[in-house]
1. Mind telling me which of the residues Met351, Met408 ends up being of a type in the set (A, V, I, L, M) and more than 12 Å from the ligand (Cβ to nearest atom)?
2. Out of the residues in the range 330-368 that are assigned to a helix (DSSP H, G or I) and small (Gly, Ala, Ser), which is nearest to Val278 (Cα to Cα)?
3. Restricting the first residue to the range 392-411 and requiring it to be closer than 16 Å to Pro344 by Cα, which pairs with a second residue that is among the aliphatic types (A, V, I, L, M) and near the ligand (Cβ under 7 Å from one of its atoms) meet a Cβ separation below 6 Å and a spacing of at least six or different chains?
4. Which of the numbered conditions does Ile376 fail, given that it passes all the others? Conditions: (1) open to solvent by 10 Å² or more (accessible area, probe 1.4 Å); (2) within 16 Å of the ligand (Cβ to nearest atom); (3) not in a strand (DSSP E or B).
5. Over 18 Å from the mean Cα position of the chain (by Cα), on the phi < 0 side of the Ramachandran plot and not aromatic (Phe, Trp, Tyr): is that true of Val519 in this structure?
6. From the list His572, His539, which one is in contact with a helix residue (DSSP H, G or I) (Cβ under 6 Å, 6 or more places away or on another chain), in contact (Cβ under 8 Å) with a residue 12 or more places away in the chain and not acidic (Asp, Glu)?
7. In the range 436-490, how many are more than 24 Å from Arg425 (Cβ to Cβ), touching a strand residue (DSSP E or B) at 6+ places or on another chain (Cβ under 7 Å) and charged (D, E, K, R)?
Amino acid sequence: MEWTIKSLDQYNTDYQRSLNDTENYWAQIAKTFTWHKEWDSVLSGDLSNADVQWFKNGQLNITENCLDRHLKDKGDKVALLYVGNDPLEKEVRYTYKELHEAVCKSANMLKSLGVTKGDRVCLYMSMVPELLISVLACARIGAIHSVVFGGFSSSALASRIEDADCKLLITNDAGFRGNKIIELKEIADEALTLDQCQCIEKVLVHKRVGNEVQMKEGRDVWWHDLYEKSSSDCPAEVMDSEDPLFILYTSGSTGKPKGVKHTCGGYMVWASYTFENVFQMKDEDVYWCSADIGWITGHSYITYGPLLNGATTTMFEGVPTWPDAGRFWEIIEKYKISHFYTAPTAIRALMGKGDEWVNKYDLSSLKVLGSVGEPINEEAWEWYNEVVGKKNCPIVDTWWQTETGGIMITSFAGVTEGKPCFATRPMPGIEPVLLDENGKEVTGNPAEGNLCVKKPWPGMLRSVWGDHERFKQTYLSAYPGHYFTGDGAKRDEEGLYRITGRVDDVLNVSGHRIGTAEVEDAIDEHPEVIETAVVGYPHDVKGQGIYAFLIVRSEQNEDDLREEIRAEVTKHIGPIAKPDKIQIVQGLPKTRSGKIMRRILRKLAAGEFNSLGDTSTLLDPSVVEEIKKGLR
Ligand code: PRX
């Protein structure tokens, strides 16, 4: 590729240029894409006014850049390699030509169901090729996709459908995941009977598992029935750069999940540019990101980033530990994966199963290893490097967020050096700063503070769906003129960045982002609960576990209550948010003004009794002793 950064020197030059000559820098990169009309201005608006626009009045369709553009030279190259849950099931390959055809047919199918430009379509699916195809089919006709992770409950699905006012829902009959079958259609049906969820007109059902499901007359349509009848000719809808491309819900420290809004032009440039530079792939390489398309990693680095680069992307339906703990390594050997991108929680879980699972397989195809989603601890980094990468594969520890659209701080594989537990350097265009509590920049090295970004970048979110005020409040108000990430970070003597984790009430459990407030709201639904406080605590495999402290109405059988609380959380959010530990307490540590001191609860949950700090200002300091005694 024309603009791939190939050396540390070039990185330094490009980085400086991206900050000093921002518009020309991004214009030169954007020009390598297919546009129907070039932009009037590269960057307009700013963070202070929350009105950033990139490539204003440019016209494009991202799917032409993902697919059509490659047909001439790469039409027969494998675009998508699909590996099912069961190792005995044969893999499926789509060449660029075949994927193009499948996307066009599916796009026509959506049109025949009445979907038009600007409509929202909810995708509640398991990891089947038709999920990736549906994402692109929406983008083809300018419909805005809102993918909801298949592990969310019916009520979480309903509230997301309703918030985005989706017209169409695409789901599967059910999905395979390890030894489980997830009844997606049944959960979707439940969601659609909930009061708040009235906007869905049609449900398109893709058959994966083949068990019987209820089809509601007039509303539900089988994918295969319509697909067969659909034409493969579907010219791409011409979109404005700033038209929304997708909405993706993510958790914050307060309130219900936010619909992060990404737009067509800037997101395309960012997803493509970051993928190209971070992974440094060659044409013959095979890339595999083990994330789910229900999360941003699956949007940017299974779907858009690789396809924009004409790469072969692998999609895996299953889990790392089924049928056994060798599954990932078996896939790498069998399909000669060269670039493997996964989360620290998976690395830690597999590390715990022993090296023999890795050593059984020939991993000599591997060239680059990636990590994403949470801080990677030293032990896991070393294991990934030595046992998986045989000290031969650079590790890119990529820090970013749903909101950032793509990777922000990272090393470039084989180009800039990595450092254990450090994300290292900012992408060109990203000017990270560390700010203290008072909003003052901490300069010099080493340094530590709240991680913010000084300037707009092409892939940044543009808004929170339906609530621009919340967008401003959440990201742009804490430190005016800056984007606030919610993370803390350190900078070492050389200026390399290490992310230390969230500084707000957001948890990162097995790489899943969960707001403590959401979990508390779910627990509060239980009739016996008077008050609850949820915090994270260090967990060997998950990174963070969920610890819930509750005050309840009357004497309870504690074990039964714990089960009921877990069921309550599963019902309102999904199994990923179930508390690991639940402790019933008489009181919570509160200030005299009634505010729960979460800092103290976090210390207690982590067993750090020596650093509790001053507890004398609490309304009732004795609760601390009581909690300490009952810790689980
Ligand atoms: O705390 C950071 C952590 O994950 C958060 C973003 O979560 P989400 O929006 O779900 O996106 C995850 C995939 C990009 C961040 O605020 N995080 C992500 N990557 C890293 C990380 N923490 C440390 N190191 C990383 N590489």
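1. Met351
2. Ranking the candidates gives Ala346 first.
3. Qualifying pairs under 6 Å: Asp397/Ile376; Asp397/Ala423; Thr398/Val372; Trp399/Ala423; Trp399/Ile499; Thr410/Ala423.
4. (1)
5. Values: over 18 Å from the mean Cα position of the chain (by Cα): yes; on the phi < 0 side of the Ramachandran plot: yes; not aromatic (Phe, Trp, Tyr): yes.
Yes.
6. Being in contact with a helix residue (DSSP H, G or I) (Cβ under 6 Å, 6 or more places away or on another chain), in contact (Cβ under 8 Å) with a residue 12 or more places away in the chain and not acidic (Asp, Glu) holds for just one of His572, His539, which is His572.
7. 2
Residues checked against (1) open to solvent by 10 Å² or more (accessible area, probe 1.4 Å); (2) part of a loop (DSSP other than H, G, I, E, B):
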site: Lys185; (1), (2): no, no
site: Val209; (1), (2): yes, yes
site: Glu228; (1), (2): yes, no
site: Asp233; (1), (2): yes, yes
site: Leu245; (1), (2): no, no
site: Tyr249; (1), (2): yes, no
site: Gly252; (1), (2): no, yes
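The values are calculated or read from the model by the stated rules, or taken from the named source; none is laboratory data. None of these values were measured; they are calculated from a predicted model. As a convention, Cβ positions derive from the backbone with ideal geometry for all residues, glycine included, and neighbour counts pool all protein chains shown. Accessible surface areas use protein heavy atoms only, side chains included; no ligands, DNA or RNA. Shrake-Rupley method; radii C 1.70, N 1.55, O 1.52, S 1.80 Å.
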